[in-house]
Amino acid sequence: MKNNMKSVLLSATACCIAFGTSSWADDMPPETSMSGLDYELIGRDDLYSYGSLGAYSQSPDLDQLVADGALPAVADRLPAEPIIMTTAAMVDGIGEYGGVFRHVIGGRPEGWNWMAGQHQGWGGINMAVQECLVRQGPRWQVRGEDQTGPLPNLVHSWTWNDDRTTVTLNLMEGVRWSDGDPFDVEDVRFWWEDNVQDPNVASRLTANTFGGEGTTMEVIDDYTFSFTFTSPQSDAVLEGLAYIQGCPGPSHILKASHPNYGGSSYEDYTGALPADITPPVGLGAWIPVEHIPDELVVMRRNPYYFKVDESGQQLPYFDEMHFRLSTWSDRTVQTVAGTGDFSNMENPGNYVETLQQSQQPDSPVRVAFGPRVLGWLINLNYDLSSAADDYDTELRTLFRETDFRLALSHALDRDAIGQSLVRGPFAYPYMGGFVTGSPYYDAASTDFHPYNVEQANALLDGLGVTDTDGNGVRNLASGEDIEIDVQFDSGRNEERRQLDAVTAQFADIGIRLIPRAVDGTNIDTIRAGGAYTALFQRRPIVVPTRETCESLPSGDGCPYFNIGGERLPFESDITAAYTTLVSTLDPAEQVAAANTIQANITENAYVIGTVQIPAALLINDRIKNAHPGTPVFMYEWAEDAVMRERLWTPADEQETELYDGTVAEY
Ligand code: BQZ
């Protein structure tokens, strides 16, 4: 075992963090990357632009509706300057209309009111029906020197004032919702004022985490608005307006049920767009037209979608998109078998079999692993104010002791946990914080806690928590056994497996873990409400500005595992570093801030990480324009990164559409 002085490990710029309880740190073991991704980087503006083309055309699927007068002509449905996808950035070029893109997912839609925090079952449904102010997914392909903040989307440009406290954002003009209603600044205002800022709404973007406390929004005109921050910010802060966080919903529909506009209750508002009622209204490329619970969600093209290709064809190319409601593991099995088109392969139990199958000459998919971007961890709840009872308070008080957390971390045999998931070189220890595939990861700032039962026991003895009644389980001061309920998603086999190993390893140091499976549809609410003593979940940090409140003390009420806000001593150092990270224009300062976050998380065992593994993207060969090298996750999940609106299949290979001729709503 190699010991080094921490000050030697940390880069000079990160010199000033408060050190943990020991002045010694262990190096991370050497990592062998499994990434086989190979791709060329392009410029930030090479993917798509905004502009007007002489003529537009549409999927033949819509011709009759236009002829019947049920839909306006395509040119009248598009903005004057739609988003134009660049042909040169398409590996297979301009596409052909029609066919079905077949997803398989393990989630179940909770509802369509995403602004109130509801999820749509994940696996790409949310990213099909929602469009956000900015976009992160395609950034994986953008070269380093162009990596400043998010890519534009509904917001086509923005400018900062001199001291970078106010940013003025310009919306695309003439975008329409899937029912034809104009999208404008009122939708953005409703999203911000009546959702993000309203404490009664469980918005995904939380009021205090976007540029710190006190951020205000001002409407300037129909297509212009600004944010004013209480301290200088950089483009990085705008990354928080991508994915599920900055995606407006239809204010013309939702206002009626919001209490600020006469709606009866917040509960009714949240449930205003139930999952079983279709179609909802969205801005996305596809809109759900059918939801058969536990079976299938069918989506059809949005006739008002605001993106085109260079030949003027309105996107998307696929008429229909399916989400078969199955299991996450089945997503990979079906994609390998050719009955599904897409999978983020993330269930280690499938890896070896999938690799073998994909090498068969008739295999419909190829497998290329990316870097390690999937990592699992235990969140211990540090919030005393929401403890369920005296016992829970006593437990959480213990969780707040750094030595207790370090003991748990040293009790983990991470190699054994990894091998219980999948044999071979896939798993690597995860200490929490940035995973090794993150652009922000720094091995030297990562404190490793080697498997050491003796040390774990010594740390616990030092805290005075001993086994006073001789039953093999250590006791709290009150005399009770230390039993930690840990919740996990029942739909995730790889979580169950890891927890079995962790439970056995904790038993060796006299800590009893009690895994409790929770339905995946509810786990979001449990997590965001901090309604647990401990939670086991896949929660790697790849990009710190994304779903920040899940992982970092970025503002009041964050992270979810310390909602009450009585800070652990080092949390303010993380908060300060995060503030620097999103506000500095100096890349070296940003790196130093990320390293400070990483050092504080890992030295203090802020979370108890288990293992991290690489993932591979599987896409059926008949799907064109899926760019080789697309990672499962980098700035966003692959469903966004691959840009599904420009994927297509040649007519002779298209699957039969179930809802041919059906249009979402018009
Ligand atoms: C990818 C993703 C797309 C959420 C979800 C799900 C939720 C979490 C996370 C992943 C699924 C897939 O992940 O596992 O491969 O398709 O949907 O959104 O696990 O429970 O809350 O953050 O993204």
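Restricting attention to region 204-230, which residues are touching a Gly at 6+ places or on another chain (Cβ under 7 Å), of a type in the set (S, T, N, Q) and modelled with pLDDT of 95 or more?
Of everything in region 204-230, just one residue is touching a Gly at 6+ places or on another chain (Cβ under 7 Å), of a type in the set (S, T, N, Q) and modelled with pLDDT of 95 or more, namely 230.
Mind checking whether some residue in region 293-308 is under 23 Å from residue 123 (Cβ atoms), in contact with a helix residue (DSSP H, G or I) (Cβ under 6 Å, 6 or more places away or on another chain) and either acidic (Asp, Glu) or open to solvent by 10 Å² or more (accessible area, probe 1.4 Å) (or both)?
No, because not a single residue in region 293-308 is under 23 Å from residue 123 (Cβ atoms), in contact with a helix residue (DSSP H, G or I) (Cβ under 6 Å, 6 or more places away or on another chain) and either acidic (Asp, Glu) or open to solvent by 10 Å² or more (accessible area, probe 1.4 Å) (or both).
Could you tell me which of the residues 434, 506 is farther than 30 Å from residue 35 by Cα and either modelled with pLDDT of 95 or more or open to solvent by less than 10 Å² (accessible area, probe 1.4 Å) (or both)?
Criteria check complete, one pass: 506.
Which one of these does residue 122 not meet: (1) within 16 Å of the ligand (Cβ to nearest atom); (2) under 30 Å from residue 219 (Cβ atoms); (3) surrounded by fewer than 23 Cβ atoms within 10 Å (Cβ to Cβ)?
Checking residue 122 against (1) within 16 Å of the ligand (Cβ to nearest atom); (2) under 30 Å from residue 219 (Cβ atoms); (3) surrounded by fewer than 23 Cβ atoms within 10 Å (Cβ to Cβ), the one that fails is (2).
Inspect all residues belonging to region 333-353 and state whether any of them is farther than 30 Å from residue 405 by Cα, within 15 Å of the ligand (Cβ to nearest atom) and free of Cβ contacts under 8 Å to residues at least 24 places away in the same chain.
Narrowing region 333-353 to residues farther than 30 Å from residue 405 by Cα: 333-345, 350-353.
Within this subset, residues satisfying the condition of being within 15 Å of the ligand (Cβ to nearest atom) are 333-335, 340-345, 350-351.
Pick out the ones that are also free of Cβ contacts under 8 Å to residues at least 24 places away in the same chain and you get 333, 350.
Yes - at least one qualifying residue is present in region 333-353.
Those residues that are over 22 Å from residue 530 (Cα atoms), touching a residue at least 40 places away in the same chain (Cβ under 8 Å) and open to solvent by less than 40 Å² (accessible area, probe 1.4 Å), I need them from region 474-497; list them, please.
476, 494 - these are the residues of region 474-497 that are over 22 Å from residue 530 (Cα atoms), touching a residue at least 40 places away in the same chain (Cβ under 8 Å) and open to solvent by less than 40 Å² (accessible area, probe 1.4 Å).
Look through region 533-542, keep the residues that are open to solvent by 10 Å² or more (accessible area, probe 1.4 Å) and not in a strand (DSSP E or B), and return whichever of them is farthest from the ligand (Cβ to nearest atom).
Among residues in region 533-542 that are open to solvent by 10 Å² or more (accessible area, probe 1.4 Å) and not in a strand (DSSP E or B), the one farthest from the ligand (Cβ to nearest atom) is 533.
Could you go through region 93-101 and let me know if any residue there is within 16 Å of the ligand (Cβ to nearest atom) and open to solvent by less than 10 Å² (accessible area, probe 1.4 Å). Break it down stepwise before answering.
Within region 93-101, the first condition is being within 16 Å of the ligand (Cβ to nearest atom), and the residues that meet it are 101.
Now restrict to residues that are open to solvent by less than 10 Å² (accessible area, probe 1.4 Å): 101.
Scanning region 93-101, I find at least one residue that is within 16 Å of the ligand (Cβ to nearest atom) and open to solvent by less than 10 Å² (accessible area, probe 1.4 Å), so the answer is yes.
Taking the condition of being in a loop (DSSP other than H, G, I, E, B) and more than 18 Å from residue 460 (Cα to Cα), how many residues in region 383-405 meet it?
7
Of all the residues that make up region 445-470, how many are touching a Gly at 6+ places or on another chain (Cβ under 9 Å) and open to solvent by 30 Å² or more (accessible area, probe 1.4 Å)?
5
Does region 180-231 hold any residues that are in a strand (DSSP E or B) and open to solvent by less than 30 Å² (accessible area, probe 1.4 Å), and which are they?
Those that are in a strand (DSSP E or B) and open to solvent by less than 30 Å² (accessible area, probe 1.4 Å): 217, 224, 225, 226, 227.
Is it the case that residue 287 is part of a loop (DSSP other than H, G, I, E, B), out of contact with any Lys or Arg (no Cβ under 6 Å at 6 or more places or on another chain) and over 24 Å from residue 170 (Cβ atoms)?
no
For residue 529, all conditions in the list (1) away from the ligand (no atom under 16 Å from the Cβ); (2) within 30 Å of residue 497 (Cβ to Cβ); (3) of a type in the set (Gly, Ala, Ser) hold save one; what is the number of the exception?
The one condition residue 529 does not meet is (1).
Yes or no, residue by residue, for (1) assigned to a strand (DSSP E or B); (2) of a type in the set (Phe, Trp, Tyr); (3) out of contact with any helix residue (DSSP H, G or I) (no Cβ under 8 Å at 6 or more places or on another chain):
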position: 545; (1), (2), (3): no, no, no
position: 552; (1), (2), (3): no, no, no
position: 557; (1), (2), (3): no, no, no
position: 589; (1), (2), (3): no, no, no
position: 595; (1), (2), (3): no, no, no
position: 610; (1), (2), (3): yes, no, no
position: 626; (1), (2), (3): no, no, yes
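The values are calculated or read from the model by the stated rules, or taken from the named source; none is laboratory data. All values derive from a computational prediction rather than experimental measurement. Using ideal geometry, Cβ is built from the backbone for each residue, glycine included, and neighbour counts are taken over all protein chains shown. SASA here: full protein model, heavy atoms, side chains in, ligands and nucleic acids out. Shrake-Rupley method; radii C 1.70, N 1.55, O 1.52, S 1.80 Å.
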